[in-house]
Amino acid sequence: YADNLYFSENSAKIAIEALKRGASIVTDTRMAYSGINKRRLEKLGGKVYCFMDDDEVAKEAACRSVTRASVCMERGAALPGEVIFAVGNAPTALIRLYELIQEKKVRPALIIGVPVGFVNVVQSKELILSLENTPYIVARGRKGGSNIAACICNALLYMGDGGKRE
């Protein structure tokens, strides 16, 4: 990751400050959700959300012929307050986030774009890298995963607390 992890200017600092103000985190997988330190985040006033297994999300995605990950990003965009989006699996989540930003329907505190795989993975990450006024941390290429998304979230949480671990 030393060679493929890209940070927009001041992205870590911006994210840490957002977390200290109570930003929430929306992720595209239960695995990332499970790996994020919810106790640490809740102390700061934030929550972690994953809408992937919500029955209404599945119904809406099927009705609209879109992925559940896309609908999940829309749900996250509708949350009050600052939101960090941590995407470790679904390129369609990053693509939908890009569209929502272009439509001025969301202004993420940070996008963590680290989906792993082959189909649309590189292209979706490059869309996020093209954003000028949105903080991001992106793993270029095909590397990534839900564990990496959770790891980055936790690193930001720990850095915001002077590196103290629970």
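Results, tabulated for the structure shown:
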| quantity | calculated |
| --- | --- |
| With DNA, RNA and ligands ignored, accessible area of Leu156 (1.4 Å probe; Å², nearest 10) | 10 Å² |
| GluC sites (Glu not before Pro) within region 87-132: DSSP coil, no more than 16 neighbouring Cβ in 10 Å | Glu103, Glu132 |
| For region 6-142, size of Cβ-based charge dipole, Lys and Arg +1, Asp and Glu -1, in debye | 400 debye |
| Viscosity 0.890 mPa s, 25 °C: Kirkwood-radius Stokes-Einstein D of the chain over Cα pairs, µm²/s | 159 µm²/s |
| Nitroxide proxy distance, nm - points 7 Å out along Cα→Cβ at Asn10 and Glu126 | 2.9 nm |
| Ellipsoid semi-axes in whole angstrom, largest first, where each is sqrt(5λ) of the Cα gyration tensor of region 1-61 | 24, 17, 11 |
| Region 33-73: proportion of alpha-carbon pairs further apart than 13 angstrom, % | 56 percent |
| Cut-off of 10 Å, at most 16 other beta carbons, DSSP loop: longest stretch of the chain lacking such chymotrypsin sites (Phe, Trp or Tyr not before Pro) | 2-117 |
| Farthest positive-ward along the chain dipole, Cα basis, beta-carbon charges - from Ala2, Val121, Val138 | Ala2 |
| Three-way shape label, region 110-166, alpha-carbon gyration tensor, a/c 1.5 | oblate |
| List Asp55, Asp3, Asp161, ordered by accessible area with a 1.4 Å probe, largest first | Asp3, Asp55, Asp161 |
| ³J(HN,Hα) computed for each position of region 106-115 - Karplus, 6.51 cos²θ - 1.76 cosθ + 1.60, integer Hz, glycine/proline x | 7, 10, x, 5, 6, 10, 9, x, 9, x |
| Length added when fully stretched, Lys47-Arg64, from 0.36 nm per residue minus Cα-Cα | 3.3 nm |
| Qualifying GluC sites (Glu not before Pro) for region 1-75 [loop in DSSP, other Cβ within 10 Å: at most 10] | Glu9 |
| Under-5 Å amide H pairs with Val48, H placed in peptide plane, nonlocal only | Ile25 |
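The values are calculated or read from the model by the stated rules, or taken from the named source; none is laboratory data. Since this is a predicted model, take the numbers as computed values, not measurements. For neighbour counting, all protein chains shown are included, and Cβ atoms are generated from backbone atoms with ideal geometry for every residue, glycine included. Protein only, heavy atoms only, side chains kept; ligands, DNA and RNA dropped before computing areas. Shrake-Rupley method; radii C 1.70, N 1.55, O 1.52, S 1.80 Å.
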